[in-house]
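The values are calculated or read from the model by the stated rules, or taken from the named source; none is laboratory data. No experiment lies behind these values; they were computed from the predicted model shown. Quick reminder, even Gly has a Cβ in these numbers, built from the backbone with ideal geometry, and neighbours come from all protein chains shown. Accessible surface is based on the protein model in full, side chains and every heavy atom, while ligands, DNA and RNA are left aside. Shrake-Rupley method; radii C 1.70, N 1.55, O 1.52, S 1.80 Å.
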Amino acid sequence: MSTAYRLLKHTSPSPGWGRDKGWGFQFLLYRLLKHTSPSPGWGRDKGWGLQFLLYRLLKHITPSPGWGRDKGWGLLLFIFLMLSSCTMRPKNGYSKDGQLQGRVTLSGAFALYPLAVEWGEEFQKLHPDVRVDISAGGAGKGITDALAGVVDLGMVSRNLEPEEVKKGAVGFVVAKDAVVPTVNIHNPNIKAILAHGLTREAAIAMWVSGKEKTWGEVCGNRCIAPVNVYSRSDACGAAGTWAKWLDNKQEDLKGTAVYGDPGVVQAIQKDINGIGFSNIGFVYDIKTRRPNAGIVVIPIDLNGNGKIDPDERFYDTLTDLSKAIASGKYPTPPARNLYLVTHGQPKDPVVKEFLKFVLTKGQKAAPKNGFVASSQPPLSVPPLSGAGNPVGRE
């Protein structure tokens with residue numbers, strides 16, 4: 001808990017402040033300060049002094065009636081944010097005693113979030129004066145934030161688009177995983193579904209054309225249970241990858257749009273007639289290595305012969321599926337590379353060290369979390385054109 005938060009918690013506002021709009025500004029600043037997590041060692045800089053100064057100012061402010069209707073509060077908030085960004089944490093680099101210090105920020109793909117959290121925790125153990133901030137929100141948010149300079153690294157679970165590369169996006173392959181189709185384990189036609197599997201044509205008929213309306217139509221029997229299709233509402237790599245397997249784009253996918261991988265998994269768990277797609281990290285339990293309660297993965301009928309052959313059965317455990325992804329048995333797409341994306345070649349020393357860690361020692365975390373480790377050398381970037389594996393492309 002920050003010093004400013006403790007002070008503000010015990011602040012007695014000026015009499016009558018609840019009768020005008022001033023309390024809104026004080027409460028906003030209180031919330032901002034409450035959630036401020038200063039970098040390690042911040043007591044050695046001026047950060048706490050700024051917060052204490054704000055506390056002293058706020059304590060003695062008796063807002064004039066109607067001040068919330070003018071621009072005054074906006075100016076104060078702007079000043080607060082500008083000062084806090086400049087003084088509340090040390091600049092990225094090395095301290096006088098040679099220790100790496102500063103902050104690395106990441107946002108984006110839900111698929112990479114669990115792995116990124118572990119990377120962040122391990123990196124902070126090696127560098128206690130560095131803070132790693134991570135937020136999930138979909139691959140679209142990750143690439144947008146990275147190109148806009150909102151974060152240092154965008155987590156992207158799809159290949160980079162040519163226009164993104166033109167804007168300066170540089171992708172580093174940090175792992176590989178896959179998107180898989182799932183149904184409720186209590187689906188009324190579950191035996192036929194698992195025996196026949198899912199062909200690409202059947203998937204197109206559900207997510208693109210919408211022609212197949214019942215599970216009997218999908219499996220070729222008399223089951224009249226309806227097919228309830230789920231897709232994603234957020235711009236994400238999972239939907240983009242799944243759509244690419246179907247020769248389409250995310251915006252072409254039909255179905256009930258749900259936010260995030262957790263949302264899709266929960267929807268399928270609740271709907272016995274539901275079908276969706278999710279990143280394997282949210283489908284399987286990391287500890288048991290088996291599908292989460294209430295859902296099951298539909299095998300993909302790779303050769304299109306209308307049944308799942310023995311060499312197409314590798315979905316029982318996360319370990320088996322990961323091996324199939326690594327060997328290429330599970331097709332790409334819906335298998336895909338996962339990227340950390342920077343805007344231009346990384347120059348920030350903290351960001352560079354974090355990327356080096358991810359691509360070396362950090363790769364040990366990939367297999368145990370159900371990912372296939374990256375083969376990209378530390379901080380090497382494939383050519384943008386010509387032979388080889390271009391940035392962000394298969």
Next item on the list: Work out, step by step, the length gained on full extension between residue 201 and residue 217: first 0.36 nm times the residue separation, then minus their alpha carbon distance; give nm to one decimal.
Entry: 4.5 nm
Note to self: Could you report the accessible area of residue 297 in Å², rounded to 10, computed with a 1.4 Å probe on the protein chains as they sit in the structure?
What the structure shows: 10
Margin query: Take residue 192 and residue 257, extend 7 Å from each Cα along the Cα→Cβ direction, and tell me the distance between the two endpoints in nm.
Written below: 3.2
Next item on the list: Could you state how much accessible area residue 353 has, in square angstrom rounded to the nearest 10, with a 1.4 Å probe and all protein chains kept in place?
Entry: 60
Checklist line | Distance between segment 259-329 and segment 104-121 - C-alpha centres, whole angstrom | finding: 22
Next item on the list: Add +1 for every Lys or Arg and -1 for every Asp or Glu among the other residues with Cβ under 15 Å from the Cβ of residue 167, and state the total.
Entry: -3
Check: Does segment 163-243 come out rounded, prolate or oblate, given a ≥ b ≥ c as the square roots of the eigenvalues of its C-alpha gyration tensor, rounded meaning a/c under 1.5 and, failing that, prolate meaning a/b above b/c?
Finding: prolate
Margin query: Can you compute the modelled spin-label distance between residue 124 and residue 375, with each label point 7 Å from Cα toward Cβ, in nm?
Written below: 3.4
Margin query: Could you sort 288, 105, 332 by their accessible area in this structure, using a 1.4 Å probe and putting the largest first?
Written below: 288, 332, 105
Item checked: Percent accessible area from carbon and sulfur atoms, segment 117-269, protein chains only, probe 1.4 Å -> 52
